[in-house]
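Notes follow once the structure below has been shown.
The values are calculated or read from the model by the stated rules, or taken from the named source; none is laboratory data. As the structure is a computational prediction, the values presented were derived from the model and not from experiment. Using ideal geometry, Cβ is built from the backbone for each residue, glycine included, and neighbour counts are taken over all protein chains shown. What goes into the accessible areas is simple: the full protein's heavy atoms, side chains included, and nothing from ligands, DNA or RNA. Shrake-Rupley method; radii C 1.70, N 1.55, O 1.52, S 1.80 Å.
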Amino acid sequence: MHTPDIKPTLVMGARGSVGRHVLDALLAQGVPVRASARKPEPGRFPAGVDVVTADLTDRPSLDAAFAGIGQVFLYANHDGVAGVIDAARNAGVSRIVLMSSGSVIHPTSRGNAITEEHREVEDAFAAADDLDVVPIRPLVLATNALGWSWPIKATSSVALYQPDALTAPIHEKDIAAVTVAALTGTTLPAVSNLLTGPARISQREQVAAIAAATGKSIEVTELDRAAASAQFARFMPAEEAEAVLQFLDDAAAGNSPATTTIANVLGRPAIGFDEWAADHASDF
Ligand SMILES: NC(=O)c1ccc[n+]([C@@H]2O[C@H](COP(=O)([O-])OP(=O)(O)OC[C@H]3O[C@@H](n4cnc5c(N)ncnc54)[C@H](OP(=O)(O)O)[C@@H]3O)[C@@H](O)[C@H]2O)c1
């Protein structure tokens, strides 16, 4: 078992969906923390927290951010991994908890651009076998549904590719809770198992949960693959858009499971999508 270093824990991307909950949970446990962001805006962090500017692709910023730090939470950023490893070594960081992706260990997700970018990051850290690096591997984030926020607000409808595809979306608070367990060393190697929500639910059912949480009537229409590809490609590189479509095709083929990792690690059930929708009602 990892014995937590008494030095402070650095939470990088501390205003990210997961990072903010990691920071809050560590503060609630009384763990000494430092927070970082690429452009930290004053007033956006809890009072009294030591906030620094750091970018995973900017080596000097990492040297400053890692100085005097024990554990680090960071996002998987494909660029700059060698610099992160070098900076962590130089600073004597005792553990890195890496926000990775379940697609790296999910057999039917192999080969697409998003999976392979995460795999390359994991492999680079694994090759640095003098560092203690714990990957956190959620398969499908519930926050993906935030992409429906604008059309729901603007048109009370949302157009979906594979609306009946079943996935088990995970609440960002659950990812953060497992991350905190890994940072504070109070848990088992199961922290790196495939992380999901408690049960599979279709995209159409997710919209229904959002409708129930907001009191809105929301229409679902169906997008074909070409239209969905064009829509995703407006927001991300074409190979990532294709990867998202492949994840949805894989889910529609019945390959996106619900696991018991959250219950195994935390000793309580994973948070369901209904609760996620209630937590995020104001986003829709
Ligand atoms: N979507 C899915 O279903 C899915 C599935 C599995 C895994 N994932 C992983 O989950 C991640 C999203 O997590 P999230 O919802 O918490 O994301 P989020 O809210 O978009 O936050 C991403 C964070 O990454 C940080 N970041 C990005 N580039 C950085 C850099 N160069 N240096 C330092 N920090 C950087 C950002 O920090 P700043 O505050 O400095 O901008 C931001 O806080 C994805 O990127 C993917 O790796 C997603």
Checklist entry - Most mobile of Asp130, Asp249, Asp164 per a Gaussian network model of the chain (Cα springs, under 10 Å)? => result Asp130
Next on the checklist: Taking the Cα centre as origin and putting +1 on Lys and Arg beta-carbons and -1 on Asp and Glu beta-carbons, what dipole magnitude results for segment 190-284, to the nearest 20 debye?
Outcome noted: 240
Checklist entry - Peptides 137-145, 254-262: what's the order by average Cβ count within 10 Å, highest mean first? => result 137-145, 254-262
Next on the checklist: If you average the alpha carbon positions of segment 24-50 and of segment 106-185, how far apart do those two centres end up, in angstrom?
Outcome noted: 23
Item to check | Stretch gain in nm, segment Asp164-Thr221, where the contour uses 0.36 nm per residue and the Cα spacing is subtracted | outcome: 19.4 nm
Checklist entry - What is the list of residues in segment 237-279 whose amide nitrogen lies under 11 Å from a point 7 angstrom out from the Cα of Thr108, following Cα to Cβ? => result 247-258
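Please give the charge dipole size of the chain, origin at the Cα centre, charges +1 on K and R Cβ atoms and -1 on D and E Cβ atoms. Round to the nearest 20 debye.
Once rounded to the nearest 20, the dipole reads 660 debye.
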Checklist entry - About its Cα centre, what dipole magnitude does segment 9-95 give when the only charges are +1 on Lys and Arg Cβ and -1 on Asp and Glu Cβ, stated in debye to the nearest 20? => result 140
Checklist outcome for this item: Given the candidates Val121, Gln29, Pro198, the one whose Cα lies deepest towards the positive end of the charge dipole of the chain, counting +1 at each Lys or Arg C-beta and -1 at each Asp or Glu C-beta, is Gln29
Item to check | Leading residue at positive end of dipole, the chain (Cβ point charges), from Ser282, Ile218, Gln162 | outcome: Ser282
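How would you order 148-160, 219-231 from highest to lowest mean count of nearby Cβ atoms within 10 Å? List each step's numbers first, then the result.
Details: 148-160: 15.6, 219-231: 13.5.
For the peptides 148-160, 219-231, the packing ranking is 148-160, 219-231.
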Checklist entry - Round to a whole number: what % of the accessible area of the chain belongs to carbon and sulfur, probe 1.4 Å? => result 52
Checklist entry - Full extension from Asn264 to Lys153: what is 0.36 nm times the residue separation minus their Cα-Cα distance, to one decimal in nm? => result 36.2 nm
Next on the checklist: Solvent-accessible area of Met236, probe 1.4 Å, all protein chains present, reported in Å² to the nearest ten, please.
Outcome noted: 50
Next on the checklist: Once R0 is set to 41 Å, what does the formula 1/(1 + (r/R0)^6) return for the Cβ-Cβ distance between Asp63 and Ala281, expressed as a FRET efficiency to the nearest 0.05?
Outcome noted: 0.45
Next on the checklist: Tell me the relative contact order for the chain as a rounded percent, counting alpha carbon contacts under 8 Å between residues six or more apart.
Outcome noted: 19
Checklist outcome for this item: Counting only residues 5 or more apart in sequence or on a different chain, those whose built amide H sits under 5 Å from that of Ala159 are Thr221
Checklist entry - So what's the angle, to the nearest 10 degrees on a 0 to 90 scale, between helix 17-28 and the longest Cα principal axis of the chain? => result 50
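Restricting to bridges with both residues inside the chain, how much of the DSSP beta-bridge set is antiparallel, in percent to the nearest 5? The partial results should precede the final answer.
On the way: 2 of 28 bridges.
Within the chain, antiparallel bridges account for around 5 percent of the total.
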Checklist outcome for this item: Most packed first (mean Cβ within 10 Å per residue), the peptides 172-185, 56-69 order as 172-185, 56-69
Next on the checklist: Skipping prolines and chain starts, which residues have an amide H placed within reach, meaning under 5 Å, of the one on Arg34, given they are 5 or more residues away or on another chain?
Outcome noted: Thr9, Leu10, Val11
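Subtract the Cα-Cα distance of Asp274 and Thr53 from 0.36 nm times their separation in residues, and report this length gain in nm to one decimal.
On the way: separation 221, 0.36 × 221 = 79.56 nm, distance 3.57 nm.
Going from the current span to full extension adds 76.0 nm.
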Item to check | Accessible area in square angstrom per residue, the chain, 1.4 angstrom probe | outcome: 45
